[in-house]
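Have a look at the structure below, then the notes.
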Ligand SMILES: [Zn+2]
């Protein structure tokens, strides 16, 4: 491969000015929950298929990226968090919502749920919140996490 000195390997382009065989691509920006969402959209005049999107928090850090695994139908949305964890999202809206409301780090932070038996506050990890049906309590009862998940999002006051 020879390198043309006048064309650097990476350079700024106007996607609308790309030559004919390539599909029309635009970059959209919008705000959601204070975060900036940038999505690369193919053929905006016609089918409006998102290639992928990125969500940036107000402090400029990346929350993560999302894309449709089935781009033609715009279905099977996937999220890639900054730690490399891959998530499934029911829709593009859900992907953006999740990325724009999820607290930085994701892993080590903890939350509090109330024991259904003795009402004592129980500290749980985010992993417990997302994975477990219940959180055990020393009283022998516990918190019904399935119930809590139906009524609150992680990060809200539970
Ligand atoms: Zn208890």
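Nothing in this text is a laboratory measurement; each read-out follows from the coordinates by a stated rule. Since the model is a prediction, treat every value here as computed from it, not as a measurement. As a convention, Cβ positions derive from the backbone with ideal geometry for all residues, glycine included, and neighbour counts pool all protein chains shown.
Which peptide among 135-141, 113-119, 29-35 comes first, and what is the full order, when sorted by highest mean count of other Cβ atoms within 10 Å? Mind dumping the intermediate values first?
On the way: 135-141: 14.4, 113-119: 16.0, 29-35: 12.6.
Top of the packing list down: 113-119, 135-141, 29-35.
Under a point spin-label approximation (7 Å from Cα along Cα-to-Cβ), what is the residue 114-residue 52 distance to one decimal in nm?
With each label placed 7 Å out from Cα toward Cβ, I get 4.4 nm.
Between residue 13 and residue 88, what length in nm is gained on full extension when 0.36 nm per residue of separation is reduced by their alpha carbon distance? All intermediate terms of the calculation are to be shown ahead of the outcome.
Working: separation 75, 0.36 × 75 = 27.00 nm, distance 3.20 nm.
So the chain would gain 23.8 nm between residue 13 and residue 88.
At 0.36 nm per residue, minus the direct Cα-Cα distance, what do residue 33 and residue 144 gain on full extension? Give it in nm, one decimal, please.
Working: separation 111, 0.36 × 111 = 39.96 nm, distance 2.83 nm.
Contour length minus the Cα-Cα distance gives 37.1 nm.
Among 51-58, 66-73, 82-89, 121-128, what's the highest-first ranking by average C-beta atoms within 10 angstrom per residue? Mind dumping the intermediate values first?
Values: 51-58: 17.8, 66-73: 14.8, 82-89: 11.9, 121-128: 16.2.
Those peptides, ordered most packed to least, come out 51-58, 121-128, 66-73, 82-89.
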